[in-house]
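Notes follow once the structure below has been shown.
The values are calculated or read from the model by the stated rules, or taken from the named source; none is laboratory data. The shown structure was predicted, so the numbers you read here are calculated from the model rather than taken from an experiment. FYI the Cβ positions are ideal-geometry reconstructions off the backbone, even for glycines, and counts take in every protein chain you see. Heads up: the accessible areas ignore ligands, DNA and RNA and are worked out on the full protein's heavy atoms, side chains in. Shrake-Rupley method; radii C 1.70, N 1.55, O 1.52, S 1.80 Å.
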Amino acid sequence: MQRKIQVGILGATGMVGQHFVRFLQNHPWFDLTWLGASDRSAGKKYRDAAQWHLGGETPASVADLVVEECKPGNAPPIVFSATDASVATEIEQAFAKAGHAVVSNSRNHRMDVDVPLLVPEVNADHLRLAPIQRGGRGWKGLIVTNPNCSTVVLTMGLAPLKPFGIRRVVVTTLQAISGAGYPGVASMDIVANVIPYIGGEEEKMQQETQKILGDFEDGRVRNLDARVSAHCNRVPVVDGHTATISVEFSSKPAESDLLEAFRSFAGVPQQRKLPSAPPVPVIYMTQPNRPQPRKDVERERGQAVFAGRLRACPVFDYKFVAMGHNTVRGAAGAAVLNAELLVSEGLV
Ligand code: NAP
């Protein structure tokens, strides 16, 4: 890339916004030049508007940028969205209408039939919805979304196995507290405890998985014809969502077929060598006690998903474990990879 593309963040002062700021530092294609938030923050320097919750100081490259209101106008061509869900629908649509590529992390548009819900290794072809979205809505720009943080881990884990015909999935999650934002779950609730409820999470995992693993046919995404049941739990882990997954297939693959599928899995980001693509998107670990969040979550800049413990399941066909970084691959890193895919497709 000869000249960097200017990018901005909607909701830059929030928890997810800060993860975007951090992930975009020294990006080879993108230059973070614009930060948006509510009118409570607009007009202040970023260092004063945002209470920095991540390690170290507010990055020097953005500390003195003046935060703007989330209104299109002088915003750059690509905006990452991490605005509060209560306002994301209107804000994201206004930016798309004005010609911006909105790369959203919010749930608001994920299930819209004309909005790609992307995991670039899994369904890059769903970007073929983009011209349909533009034509149908009359927008000069577009909206693409990334999934919920636990759904990324599940779909990256399942995608290599899709050719065997996924029929039924039961997944149980052990989700990190960083997924709840800041201040998140009260310490008295989570220390030495497990909370067997995360509002709305199970429905999101079930629905989003069917869309992501669906096929683009006749101008729309045909959902994966599989039943998915999710149990979601919050556990006292800082970063890294773990999912234990049981799967039934329509074919009856051998264990060695599945292992080979994990090991040979790669997608468009790897073929195109996108800057935020992990060289190996799903890393299969052979040790019987891995992956583990504390030991594995920071590897590969948090962009890979780790799988392991593949074995026969007495109820379904096979079961295994998958783990990924919820605020990186499940949020900011996922969206930045989506933006790289958009650029590589010539859509920005
Ligand atoms: P947060 O810390 O509360 O931050 C919310 C952001 O939205 C702040 O920058 C805030 O600005 C801004 N905002 C609030 N009201 C606004 C308004 N009226 N106009 C413009 N901006 C406004 O929330 P968060 O935890 O970062 O979550 C942000 C979004 O990401 C949510 O939609 C959430 O659902 C989504 N999310 C996704 C995942 C995932 O799995 N991918 C994980 C967590 C969260 P001020 O500071 O000025 O108030």
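Quick notes on this one:
- Per-residue HN-Hα couplings for the stretch 157-163 [Karplus 6.51, -1.76, 1.60; θ = phi - 60°; Hz; x = Gly/Pro]: x, 7, 4, x, 9, 4, x
- Normalised contact order of the stretch 185-240, rounded percent, pairs of Cα under 8 Å and 6 or more residues apart: 45 percent
- Taking amide H as placed 1.01 Å from N in the peptide plane, the amide H of ARG234 sits under 5 Å from that of GLN175, ILE195, TYR197, each at least 5 places away or on another chain.
- 3J(HN,Hα) along the stretch 305-310, derived from phi through the Karplus expression 6.51 cos²θ - 1.76 cosθ + 1.60 where θ = phi - 60°, amounts to 10, 10, 10, x, 6, 5 Hz, with x in place of Gly and Pro.
- For the stretch 17-84, applying the loop criterion from DSSP together with a ceiling of 16 other beta carbons within 10 Å to the chymotrypsin sites (Phe, Trp or Tyr not before Pro) yields TRP52.
- Listed residues ASP31, ASP296 arranged by accessible area, highest first, probe 1.4 Å: ASP31, ASP296
- Net charge dipole size for the stretch 1-83 [Lys, Arg +1 and Asp, Glu -1 on Cβ; Debye, nearest 20]: 120 debye
- With θ taken as phi - 60° and the Karplus curve 6.51 cos²θ - 1.76 cosθ + 1.60 applied, the whole-hertz 3J(HN,Hα) list for the stretch 278-283 is x, x, 10, x, 10, 9 Hz, x standing for glycine and proline.
- Rg to Rh, two decimals, where the chain supplies the alpha carbon set and Rh follows Kirkwood: 0.96
- Distance between the C-alpha centres of the stretch 77-129 and the stretch 1-31: 16 Å, rounded to the whole angstrom.
- Heavy-atom accessible area per residue - the chain, 1.4 Å, Å²: 43 Å²
- The stretch 149-325, relative contact order [Cα under 8 Å, separation at least 6], %: 28 percent
- A 1.4 Å probe, protein heavy atoms only, puts the accessible area of LYS319 near 60 Å².
- Close amide H contacts of GLY99 (hydrogens built in the peptide plane, cut-off under 5 Å, sequence separation of 5 or more or a different chain): LYS140, GLY141.
- Under 20 Å from the ASP31 label point (7 Å along Cα→beta-carbon), backbone N, the stretch 247-290: 275-276
- GNM top mover of GLY136, GLY56, GLY199 - the chain, alpha-carbon springs below 10 Å: GLY56
- Put a plus charge on the Cβ of each Lys and Arg, a minus charge on the Cβ of each Asp and Glu, and nothing anywhere else: the dipole of the stretch 149-325 about its Cα centre is then about 320 debye.
- Accessible-area rank, largest first, for LYS4, LYS204: LYS4, LYS204, with all protein chains present and a 1.4 angstrom probe.
- Listed residue (GLN51, THR172, GLY308) projecting farthest to the positive dipole end of the chain, Cβ model: GLY308
- For VAL228, the amide hydrogen comes within under 5 Å of the amide hydrogens of VAL169, counting only partners 5 or more places away or on other chains and with H modelled in the peptide plane.
- Euclidean distance of C-alpha centroids, the stretch 202-267 and the stretch 313-348, integer Å: 11 Å
- Within the full protein context, the accessible area of SER61 is estimated at about 80 Å² for a probe radius of 1.4 Å.
- Most positive-pole-ward Cα, VAL297, SER61, SER264, against dipole of the chain from beta carbon charges: SER264
- Trypsin sites (Lys or Arg not before Pro) lying in DSSP loop within the stretch 237-286, provided at most 13 other Cβ fall within 10 Å: LYS273
- Given a 1.4 Å probe and the protein chains as shown, THR286 ends up with an accessible area of around 100 Å².
- Set of the stretch 283-317 residues, backbone N closer than 18 Å to the point 7 Å along the Cα-Cβ line of ARG167: 312-317
- Selected from PRO76, PRO183, PRO236 as most flexible by GNM, with the chain as the system and alpha-carbon contacts under 10 Å: PRO183
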